[in-house]
Amino acid sequence: MSQSHPVERAFENLLFASRWLMAPFYFGLILALVALLYVFGHEILTATVKLADLTETDVIVWALSLIDLSLLANLLLMVIFSGYENFVSKMDVAEHPDRPAWMGKIDFSGMKLKLIASIIAISAIHLLRAFMEVESMDKTNLQWMVIIHLTFVASGVLLALMDWITSRSEAHG
């Protein structure tokens, strides 16, 4: 084991400590989660007040909006937890009974795949909502929504393929 120079050691300590610069980003994501909760509550209150006047399609679109917000909130939590644990510090909640089973097991590769899968699910919900109101949708906008959704799907498949190729090459190398 070689002795490192004091300047090198100090610089490496500074680099390692710089991971804490990510903490405000995760705090910002917590604020985004609070904002989503506000929007979710507003959606529920707004629809509840006019529930008697809603058509079946309105209720389905409303439910899809709530699912969309819920998926986005789940995505934020995944990014907050796994990002913090992967890049800042391990959370001392290993013995907590409510600790999610996936926590501490999602690496950067897994996180990006879950991220693209969530984006695809959110995009699919937006597309389904558009199809529910297809008679009032601009056909060009609908066409772009389908193209964008398919682009997300293709991106997800390509990311998964790249990860699979990387894992196979690492296993053989």
(request) State which residue pairs qualify: first residue closer than 15 Å to residue 131 by Cβ and inside the stretch 56-71, second residue part of a helix (DSSP H, G or I) and basic (Lys, Arg) in any location, beta carbons under 7 Å apart, and separation of 6 or more residues or different chains. (result) 61/129; 64/129
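Looking at the stretch 1-51, which of its residues are outside any helix (DSSP H, G or I) and small (Gly, Ala, Ser)? Talk me through it step by step, then tell me what you get.
The initial filter retains those residues of the stretch 1-51 that are outside any helix (DSSP H, G or I), namely 1-5, 50.
The answer is 2, 4.
Does residue 40 count as surrounded by 10 or more Cβ atoms within 10 Å (Cβ to Cβ) and either at pLDDT below 95 or of a type outside the set (Gly, Ala, Ser) (or both)?
Details: surrounded by 10 or more Cβ atoms within 10 Å (Cβ to Cβ): yes; either at pLDDT below 95 or of a type outside the set (Gly, Ala, Ser) (or both): yes.
Considered against the rule, which asks whether it is surrounded by 10 or more Cβ atoms within 10 Å (Cβ to Cβ) and either at pLDDT below 95 or of a type outside the set (Gly, Ala, Ser) (or both), residue 40 comes out as yes.
Conditions (1) acidic (Asp, Glu); (2) under 18 Å from the mean Cα position of the chain (by Cα); (3) closer than 17 Å to residue 76 by Cα; (4) surrounded by fewer than 16 Cβ atoms within 10 Å (Cβ to Cβ), marked per residue:
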| position | (1), (2), (3), (4) |
| --- | --- |
| 102 | no, yes, yes, yes |
| 105 | no, yes, yes, yes |
| 119 | no, yes, yes, no |
| 131 | no, no, no, yes |
| 135 | yes, no, no, yes |
| 138 | yes, no, no, yes |
| 144 | no, no, no, yes |
(request) State yes or no: is residue 82 surrounded by 11 or more Cβ atoms within 10 Å (Cβ to Cβ) and in contact with a His (Cβ under 6 Å, 6 or more places away or on another chain)? (result) no
(message) Can you tell me which condition residue 155 does not meet? The list is (1) surrounded by 15 or more Cβ atoms within 10 Å (Cβ to Cβ); (2) more than 30 Å from residue 58 (Cβ to Cβ); (3) at pLDDT 85 or above, and all the others hold.
(response) (1)
(request) May I ask you to verify whether residue 101 is among the small types (Gly, Ala, Ser) and more than 24 Å from residue 28 (Cα to Cα)? (result) yes
(request) Return the pairs, sorted by first residue and then second, in which the second residue is part of a helix (DSSP H, G or I) and surrounded by 10 or more Cβ atoms within 10 Å (Cβ to Cβ), the first residue lies in the stretch 130-153 and is of a type in the set (D, E, K, R), the beta carbons are less than 9 Å apart, and the residues are 6+ apart or on different chains. (result) 133/57; 133/61
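The values are calculated or read from the model by the stated rules, or taken from the named source; none is laboratory data. Since this is a predicted model, take the numbers as computed values, not measurements. Here the Cβ is made from the backbone with ideal geometry for all residues, glycine too, and neighbour counts use every protein chain on show.
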